[in-house]
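Engineer: Next up is a structure, given as structure tokens.
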Amino acid sequence: MSNTSVTRRTFLKGSLVTGLTLAVSVSPFGYKILNASEKPAGKIPEFSPNAWFTITPDNKVTMHIGNSEMGQGVLTAHSMIIAEELDADWNLVQVRQAPAGDDYKSPILGAQITVGSASVRGFYEPLRKAGAAGRTMLIKAAAANWKVPEEECTALMGAVKHEKSGRTLTYGQVCLEAAKLEVPKDPPLKKETEFRYLGKTMPRVDVPEKVSGKAVYGLDVTLKDLHYAVIARPPAYGAKPVSYDEKEAQQVKGVEKVVPLPMGIAVCAKTLDAALKGRDALEVKWDKGLLPDMDTEYVEKSLIEDLNKPGSSAVKTGDAKKAISEANKKLSATYYVPCVAHATMEPMNCTASVTADRCDIWAPIQAQVAGFAVGSKVTGLPKEKIHVNTTFLGCGLGRRARPDFVVEAVILSKALGKPVKVVWTREEDIKYDAFRAPASHRIEAGLDAQGQLSGWSHKVVSPSILKDIRAEMIKDGVDFYCLWGLADVPNSPHWNNKIQYEIPNLDVEFLISPLPIPVAPWRSVQNGPNAFVIESFIDELAHAAGKDPLEFRLASLKNNMRASRVLQTVAEKSGWGKPIPKGEARGIAQHACFGTWTAQVADISVDKKTGKITVHRIVAAVDCGPTVNPGPIVEQIEGGIILALSTVLKEEIKFANGGVKSANFDDYPVIKMSEVPEIEVHVVKSTEKIGGIGELGVPACAPAVANAFFKATGVRIRRLPLTAATVLEALKKT
């Protein structure tokens with residue numbers, strides 16, 4: 001795989017004379033497979049194709065994939081889907097990062113953006129149909145060449161064979177004739193038993209470049225006369241500069257320009273080292289900002305106190321208050337989940353080159369649509385003059401869907417009149433992140449005489465995620481992104497992000513906190529913290545009912561076949577109910593989101609003298625429907641579990657003096673390789689609707705560990721992370 005700067009126009013024009021090119025056109029009414037030759041060269045087509053493949057006379061099949069590759073394997077998965085139905089020879093397939101543009105809109109998200117575990121579930125059917133259309137056209141072209149019925153011909157590994165005569169024609173030999181044919185509207189798809197690639201682990205196409213060092217990430221981009229920029233940023237939210245020494249910064253050799261920005265003061269220089277020294281020389285003095293007394297304790301106290309204020313109703317089924325008041329047994333609890341950072345491996349960076357009539361952007365970005373928007377807004381140029389080039393991403397986790405780092409590069413290139421690379425240091429990346437939203441929860445629930453859930457009332461207070469990205473989606477004061485795991489966004493493609501249990505009386509209420517902390521989607525969005533709360537409280541209810549945690553869950557999931565199945569699978573594979581090594585305890589949890597169901601069992605031990613939790617083993621089961629590339633599915637779940645464990649055991653952003661106190665891995669520790677437990681992932685065979693996978697390893701992990709902790713100690717901790725200090729404090733109270 002390599003990046004390409006080919007435009008749709010040149011790609012389309014070239015493809016008309018070199019082979020068969022098919023595209024998928026997406027509209028609000030669905031998608032349609034189109035032949036590039038339907039449109040004349042030199043004219044911008046009316047349609048907006050979002051995925052292309054081309055077959056050329058040299059027998060090569062070239063895939064142009066529009067989604068961002070951040071290690072999740074999307075370039076391989078999308079190419080496999082096309083190759084499967086096309087019956088292509090994988091050895092002759094080459095994969096390219098597609099140019100950015102509306103042509104590559106997600107069929108379910110409506111934009112070119114790689115978020116929400118939507119890449120495979122969104123493109124699965126359209127790309128299968130596109131591949132099948134190509135196969136059908138190639139067979140038809142070969143049959144015409146031989147003057148035989150199409151039904152006597154079959155496609156196999158990049159060639160068409162006439163079964164009776166044994167003759168074959170390669171795809172390259174018939175692609176030019178096939179390109180002249182009408183595209184079938186509804187080509188037949190293969191049966192699962194005919195799959196050659198889907199469901200079998202295939203090597204990822206991006207790995208060779210990455211292990212050889214040839215892969216180009218954002219930080220690797222270089223241009224002629226490239227300048228570097230770093231930004232002095234305020235230490236507190238809303239703080240403004242009182243004074244700074246521009247002259248002293250200009251004295252640093254290599255510094256070209258000091259540029260005041262809405263987000264700070266930028267120093268542009270010929271080298272990164274000069275830019276950093278110039279920034280130090282500024283010696284900026286700042287005012288105290290919006291909330292100078294805000295620190296870690298203030299944030300937590302504010303969010304918990306706001307639980308007493310009225311919120312907005314998000315879900316109301318039956319009469320939860322009445323059911324709880326009449327319950328045989330009642331429970332209530334308050335939970336708190338703090339901010340965590342994305343802390344991606346590659347800090348934020350972007351390179352931009354702005355001239356009078358053109359804006360080029362090179363960025364490790366998840367949202368090309370946002371790159372176009374900010375490029376056009378800053379430069380005033382029309383969209384066709386904006387060129388967003390997607391590099392490999394050194395991890396995403398949702399952080400790179402926020403284009404703040406792109407804005408800075410475009411502004412500074414425009415100001416300097418030269419190409420500029422903006423570089424965030426690790427400290428800036430953590431300090432100025434838009435975090436996973438902190439949240440407080442208060443739950444009340446009731447059990448009937450049989451120990452079954454009769455009512456559940458749940459209130460959440462959190463800063464709004466949607467406020468800065470899709471404010472129009474906040475309905476009557478409810479930010480549903482903050483409620484995933486409890487409630488679905490109305491009319492959203494991100495289905496089944498709601499509580500899975502069958503609760504006859506359910507209330508969910510939400511209040512937006514006014515805290516100035518910027519928050520954003522983090523891997524699994526709020527499914528992670530909300531699953532911790534829900535599944536911990538379910539464990540509390542099971543304990544109160546005197547029932548086994550697995551049996552209690554299954555009893556409330558009688559009509560939820562997929563949730564029950566992953567629970568039963570993980571129970572069987574983990575040995576639930578069977579003896580475990582002395583000193584260890586076992587916890588279980590389940591969760592569903594983005595169209596996929598998961599469950600995990602955690603085996604842990606607790607050193608009650610030091611407070612240290614050791615996680616020995618995590619067993620996971622996942623039902624994501626049909627599998628495309630099983631290897632990366634397992635890897636994604638494993639990676640999600642490791643990330644989640646890091647937030648369970650260590651990660652928490654600390655605040656002080658109205659801003660962020662945490663600054664690097666010395667005061668924002670993350671899990672070490674030596675602390676990663678044995679992980680087993682079991683993919684449940686399923687023919688249900690296909691679901692997402694990238695974020696599904698996260699949600700069930702925290703509650704599985706927390707429930708195991710309760711089993712080991714008899715103490716319930718309702719706040720993350722479970723650090724040694726937190727554990728010791730909790731144990732003292734017993």
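The values are calculated or read from the model by the stated rules, or taken from the named source; none is laboratory data. Fair warning: this is a prediction, and the values are worked out from it, not measured in the lab. Cβ placement follows ideal geometry from the backbone for every residue including glycine, while neighbour counts extend to all protein chains displayed. With ligands, DNA and RNA removed, areas are computed over all heavy atoms of the protein, side chains included. Shrake-Rupley method; radii C 1.70, N 1.55, O 1.52, S 1.80 Å.
Engineer: Out of the residues in the stretch 301-312 meeting the condition of being polar (S, T, N, Q) and open to solvent by less than 80 Å² (accessible area, probe 1.4 Å), tell me which one is farthest from LEU447 (Cα to Cα).
Structural biologist: SER302
Engineer: Taking interchain pairs and intrachain pairs at least six residues apart, which have beta carbon atoms under 9 angstrom, with the first residue in the stretch 545-556 and over 12 Å from ILE588 (Cβ atoms) and the second open to solvent by 10 Å² or more (accessible area, probe 1.4 Å) and of a type in the set (Ser, Thr, Tyr)?
Structural biologist: If the second residue must be open to solvent by 10 Å² or more (accessible area, probe 1.4 Å) and of a type in the set (Ser, Thr, Tyr), the pairs left are SER556/TYR501.
Engineer: Being touching a helix residue (DSSP H, G or I) at 6+ places or on another chain (Cβ under 6 Å), within 20 Å of THR62 (Cα to Cα) and free of Cβ contacts under 8 Å to residues at least 24 places away in the same chain: is that true of VAL183 here?
Structural biologist: No.
Engineer: I've got another one for you. Given the criteria touching a Ser or Thr at 6+ places or on another chain (Cβ under 6 Å), under 22 Å from TYR298 (Cα atoms) and among the aliphatic types (A, V, I, L, M), does ILE717 qualify?
Structural biologist: Considered against the rule, which asks whether it is touching a Ser or Thr at 6+ places or on another chain (Cβ under 6 Å), under 22 Å from TYR298 (Cα atoms) and among the aliphatic types (A, V, I, L, M), ILE717 comes out as no.
Engineer: Do any residues in the stretch 358-372 that are over 22 Å from GLY110 (Cα atoms) have Cβ atoms under 9 Å from those of residues that are basic (Lys, Arg), where the two are at least six apart or on different chains, and which pairs are they?
Structural biologist: Hits for this filter: ARG358/LYS385; CYS359/LYS385; CYS359/LYS414; TRP362/LYS421.
Engineer: Quick one: which residue in ALA314, ALA275, ALA281 is among the hydrophobic types (A, V, I, L, M, F, W, C), closer than 30 Å to ASP488 by Cβ and out of contact with any Cys (no Cβ under 6 Å at 6 or more places or on another chain)?
Structural biologist: Matching residue, one of ALA314, ALA275, ALA281: ALA314.
Engineer: Name the single residue, out of those in the stretch 70-110 being under 24 Å from SER492 (Cα atoms) and among the charged types (D, E, K, R), that is modelled with the lowest pLDDT.
Structural biologist: Of everything passing the filter in the stretch 70-110, ASP103 is modelled with the lowest pLDDT.
Engineer: Does LEU393 fit the bill of being in contact with an Asp or Glu (Cβ under 9 Å, 6 or more places away or on another chain) and either surrounded by fewer than 22 Cβ atoms within 10 Å (Cβ to Cβ) or under 30 Å from LEU645 (Cα atoms) (or both)?
Structural biologist: Yes, satisfied.
Engineer: How many residues, within the stretch 357-370, are open to solvent by less than 10 Å² (accessible area, probe 1.4 Å) and over 15 Å from VAL420 (Cβ atoms)?
Structural biologist: Total satisfying the criteria: 5.
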